[in-house]
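Visitor: Got a structure here, written out as structure tokens. Questions coming.
The values are calculated or read from the model by the stated rules, or taken from the named source; none is laboratory data. Nothing here was measured: the structure is a model prediction, and the numbers come from that model. Cβ atoms come from the backbone with ideal geometry, glycine included; neighbour counts cover every protein chain shown. Note: accessible area is taken over every heavy atom of the protein model, side chains too, but ligands, DNA and RNA are not part of it. Shrake-Rupley method; radii C 1.70, N 1.55, O 1.52, S 1.80 Å.
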Amino acid sequence: METKEKKAPAKAVAKEIKKDTWEIKDRYYHLLNERSPLTFRINSRHSMRKPLMYFDEEKGYNRELRYATNMKSPFVDEQKGPVTLGHIVFEDGVLMVPKSDQALQKLLSLYHPNINKLYSEKDNVQEAVDELDYLQVEMEAMNAASTMDIDQAEAILRVEFGSSVSKMTSKELKRDLLLYARGNPYLFLELANDENVELRNFGIRAVEAGIMKLSQDQRTFTWASNGRKLMNIPFDENPYSALAAWFKTDEGVEVYKTVQKKLK
């Protein structure tokens, strides 16, 4: 049986921060891909082994970067006098830089080559928007699940749990459907709007009930009573997906109606 990959709520792509919209505030940065090591250090100064450069389009050349705790600018060519080098260390995947450290903030938000590759700046407003969108989709999925009929509920749960749904009571189906809608709202709504899901489930029920038979090589559907061939399954297709599509043809519709009577 085909399986579908679960969809997680879409994460917002970090927006580029422009220098002319720069805001003085505390800033939070977090490592991407949900990494959260105890400590994680990123490059804080230029070297031959680990380059740290920024191409300045206004000036037309690459500028060397360096984090110096006693300097106002992260650009080496703007740093005058003795410098105190600083380290850039994430703890548990997070780094908070206070508004008093503008040099480090601008290095991380505007100029560092690893921004949005290795780490990104935390955007509380955008995260709130994403969470609200997800909650709205979750609510839509839960509402749809609560009013869904048993046959459709069984069809959707069969995608996830297989033939075991045939042994579930109606209350078990409803319970698991609500849990599935809450845990996988995007995939649930996709399945709820896919008419082939119900047709695949219909075909599986027909085989389980001994009305239709699928050959051992999964290449042919026949009537179980007399072995008469109903359809051949195209190469490299899921048998029940092919059957669902066939049920929509003129010949398939007649078979569907016959099976439907026998399943009642």
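Visitor: What are the extents of the Cα atoms of the range 48-203 along their three principal axes, listed from largest to smallest and rounded to whole Å?
Guide: Principal extents (Cα only, largest first): 78, 29, 27 Å.
Visitor: To two decimal places, what compactness ratio does the chain give when its Cα radius of gyration is scaled by 2.2 N^0.38 Å?
Guide: 1.60
Visitor: Taking a quarter of the surface of the convex hull around the Cα atoms of the range 156-217, what do you get in nm²?
Guide: 4.8
Visitor: So what's the projected area for the range 20-60, the Cα convex hull averaged over all directions, in nm²?
Guide: 5.6
Visitor: Turning to a different aspect of this structure: How big is the dipole moment of the chain about its Cα centre under a simple scheme where the beta carbon of each Lys and Arg is +1, that of each Asp and Glu is -1, and everything else is neutral? Debye, nearest 20, please.
Guide: 620
Visitor: If you don't mind, another one. For the chain, with every protein chain kept in place, what is the accessible area per residue (1.4 Å probe, Å²)?
Guide: Here the per-residue accessible area is 62 Å².
Visitor: What 222 nm value per residue comes from the helices of the chain, counting each DSSP H run with n ≥ 4 as -39,500 (n - 2.57) and dividing by all residues, nearest 500 deg cm²/dmol?
Guide: Helices in the chain give a 222 nm mean residue ellipticity of -11500 deg cm²/dmol.
Visitor: Now for a different question. Taking a temperature of 20 °C and a viscosity of 1.002 mPa s, what whole-number D in µm²/s does Stokes-Einstein yield for the range 122-264 with Rh from Kirkwood over alpha carbon pairs?
Guide: 128
Visitor: Against the longest principal axis of the chain, how steep is helix 195-208, in degrees 0 to 90 to the nearest 10, with axes from Cα atoms?
Guide: With rounding to tens, the tilt is 50 degrees.
Visitor: Quick one: pull the percent of accessible area on the chain belonging to carbon and sulfur, 1.4 Å probe, ligands and nucleic acids left out.
Guide: 50
Visitor: What is the ratio of the Cα radius of gyration of the range 124-190 to 2.2 N^0.38 Å, where N is its residue count, to two decimals?
Guide: 1.24
Visitor: Please report the spacing between the Cα centers of the range 163-235 and the range 53-84 in Å, no decimals.
Guide: 64
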